[in-house]
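Presented below is the structure to which this report refers.
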Amino acid sequence: MHGSPDEPRAARRPMGRITRLPTGTKLFLILSAALLPLALIALFAARQTTRLSDAETRSQLRVAATESARALSIELVGDMTALGVALDALDSDPENAPSCARVQGVFSEQLASGARFSITDSEGAVLCGTPATAPLPMGQPAPGAPIAAAITATGLSLALTGRSGRLHAVANFPASALAQIARPTGFTPPYASQLVQRPNRLMLESMADLGALDRTETIGVPLGINGLLFEMSVRSAPLSPSVIITMLLPLLMWAAAASIGWFVVDRLLIRPLRDLRLRVATYVPGQEIDSAEARQSPALEIRDLGETFRAISRTVASHEAGLAEGLIRQTALTREVHHRVKNNLQVISSLINFHARGARSAEASAAYASIQRRVDALAVVHRNHFAEIDESRGMSLRSVIGDLASNIRATAPEGSGLTITLDLESFMTNQDVATPVAFLITELVELAMKVHSNAAIRLSLKPDEPNRARLRISSPALVEGEMLQAELAERYGRVIEGLSRQLRSKLHHDPLVGAFEIVVMVTGRD
């Protein structure tokens, strides 16, 4: 069975991304893939040694913390049990002095280390023990409730309430007494211990300030008294500089090997090729590609490649010089052709003018003048094209229409009151547009003169759409009328319609105001 066409394409995508990476990056990735597993194995071995040491430390700490928590729990529960017995006895008989004496005997060792206890009635009178110096932080517990506990700024407070609810007992243990009780036997390493009743903590033992590289192991053991937790911490194996170097050396060696490999290849191969590619990309015809990086590269192949590009650029520069000379000759020939065409049209115009003077009728003279205006229109286009040929920007429509208007005025019949007003903005166009524009203006002016010899004509050229301009020829003589319709049907209509098709635009006629409009292509502003 064959897989779908999308499967090879999907399989090729990762390879396509890799091939688009820079060579230096691909080399770095290859070296990383080859050396990184070895570095990770060595790092794992060093880390495993540290973990074994930490596990041994944690085991010793757990034994010591459990021993200390048991000692604290036995001592505190035993003291509070004795205090509860005395509390019940005094609850039954407030004058029971032996019960108070027994509890004082139980607390004798703690009293010597700063602990205090008291049994009070509901009015606050002390029946046994020492009066409390501060109010109970957690309040009095309910009758028959378990031992209530609270951590204060200086120690631990435990409280009980008798069954009747009339008597209350409280015991205060300073931090130093609790630390003495919780000190494990035979545990020599420095340690820190504390009682925790979240969010409060009571520090029993503290270690010296820890450095930035010191690490600690902490074990918490519950005491079973109102959420109290005993926490014990010791230093684990410190991260000494030698240990850090041992752990990081494989990674450093991997990074150094990959970086050195990338650096050597980048300097010997990639950098000269990058400089050569940049010079080729920014190459300007006529210049010579000379890469200093390629010429100084230790790699012989890159030096040869640089010399090859240098030789090719010299050949291209030589060919460009030949093409430039050929272009100059071609331009000169084109100028000569247009110059000769312009001169020939002027000669034809002069011959037509000469024959017009010898015409025996007004109709023949008018016909000669009409032909001469059309020849002059073509001569104007060639003259302006000849003037702009060096700059290759096209022809100025403003200049073409201005010269054309001057020639039409000059060839108008004697005694004619023809006036032409120009309102032209500067636009550039090519010869394919300028020629039909000149003939179109000539035909419409000729049409206006046919209708009325004293025609007043207005020519305007204004911007329309991007890369287009609107040409407007207006005159009262072009207002809708029988004579205008007859001339359009008999002679001028087909000509101006053909010229508008040549301009690839629609010629619009407004019969009420006597205006013809057409949109023509332009190449820009003059």
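Quick grid of which residues meet (1) at pLDDT 75 or above; (2) crowded, with 21+ Cβ neighbours inside 10 Å; (3) in a helix (DSSP H, G or I):
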{"residue": "His385", "(1), (2), (3)": "no, yes, yes"}
{"residue": "Ser399", "(1), (2), (3)": "yes, no, yes"}
{"residue": "Gly402", "(1), (2), (3)": "yes, no, yes"}
{"residue": "Ala410", "(1), (2), (3)": "yes, no, yes"}
{"residue": "Gly415", "(1), (2), (3)": "no, no, no"}
{"residue": "Asp432", "(1), (2), (3)": "yes, no, yes"}
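Among the residues of the stretch 137-145, is any among the polar types (S, T, N, Q), free of Cβ contacts under 8 Å to residues at least 12 places away in the same chain, over 30 Å from Thr218 (Cα atoms) and open to solvent by 40 Å² or more (accessible area, probe 1.4 Å)? There is no residue in the stretch 137-145 that is among the polar types (S, T, N, Q), free of Cβ contacts under 8 Å to residues at least 12 places away in the same chain, over 30 Å from Thr218 (Cα atoms) and open to solvent by 40 Å² or more (accessible area, probe 1.4 Å). Quick check: is even one residue across the stretch 321-343 in contact with a helix residue (DSSP H, G or I) (Cβ under 8 Å, 6 or more places away or on another chain), modelled with pLDDT of 75 or more, part of a helix (DSSP H, G or I) and surrounded by 15 or more Cβ atoms within 10 Å (Cβ to Cβ)? Taking every residue of the stretch 321-343 in turn, none turns out to be in contact with a helix residue (DSSP H, G or I) (Cβ under 8 Å, 6 or more places away or on another chain), modelled with pLDDT of 75 or more, part of a helix (DSSP H, G or I) and surrounded by 15 or more Cβ atoms within 10 Å (Cβ to Cβ). Might you check whether a residue that is modelled with pLDDT of 85 or more and in contact with a Pro (Cβ under 7 Å, 6 or more places away or on another chain) occurs anywhere in the stretch 99-109? No, every residue in the stretch 99-109 fails to be modelled with pLDDT of 85 or more and in contact with a Pro (Cβ under 7 Å, 6 or more places away or on another chain).
For Leu178, state whether it is touching a His at 6+ places or on another chain (Cβ under 8 Å) and at pLDDT 80 or above. In short, no. Determine, yes or no, whether Ala39 is at pLDDT below 75, more than 17 Å from Arg215 (Cα to Cα), among the hydrophobic types (A, V, I, L, M, F, W, C) and open to solvent by less than 50 Å² (accessible area, probe 1.4 Å). Yes: the conditions hold for Ala39. Does at least one position in the stretch 300-320 carry a residue that is modelled with pLDDT under 80, small (Gly, Ala, Ser), part of a helix (DSSP H, G or I) and over 30 Å from Arg271 (Cβ atoms)? No, the stretch 300-320 has no match at all. Only strands (runs of 3 or more DSSP E) whose full extent lies in the stretch 438-526 are considered here, and the ones with at least 3 residues that are open to solvent by less than 10 Å² (accessible area, probe 1.4 Å), closer than 26 Å to Ser416 by Cα and modelled with pLDDT of 85 or more are 456-463.
Sub-7 Å Cβ pairs linking a first residue in the stretch 455-479 that is farther than 21 Å from Thr429 by Cβ to a second residue that is assigned to a helix (DSSP H, G or I) and at pLDDT 90 or above, at least 6 apart or interchain, are Ala456/Pro476, ordered by first then second residue. Glu414 passes all but one of (1) touching a Pro at 6+ places or on another chain (Cβ under 6 Å); (2) over 23 Å from His509 (Cβ atoms); which number fails? Only one criterion is unmet by Glu414, namely (1).
For Leu444, the conditions (1) closer than 18 Å to Arg373 by Cα; (2) under 57 Å from the mean Cα position of the chain (by Cα) are fulfilled apart from (2). Somewhere in the stretch 433-451, is a residue free of Cβ contacts under 8 Å to residues at least 24 places away in the same chain and not β-branched (Val, Ile, Thr)? The answer is no, given that none of the residues of the stretch 433-451 is free of Cβ contacts under 8 Å to residues at least 24 places away in the same chain and not β-branched (Val, Ile, Thr). Of the strands (runs of 3 or more DSSP E) entirely within the stretch 79-171, those holding at least 2 residues that are over 26 Å from Ile181 (Cα atoms) occupy 126-129.
The values are calculated or read from the model by the stated rules, or taken from the named source; none is laboratory data. Quantities reported herein were computed from a predicted structural model and do not represent experimental measurements. Cβ coordinates were reconstructed from backbone atoms using ideal geometry, including for glycine residues, and neighbour counts include every protein chain displayed. Quick note on the areas: whole protein, heavy atoms, side chains included, nothing else; ligands and nucleic acids left out. Shrake-Rupley method; radii C 1.70, N 1.55, O 1.52, S 1.80 Å.
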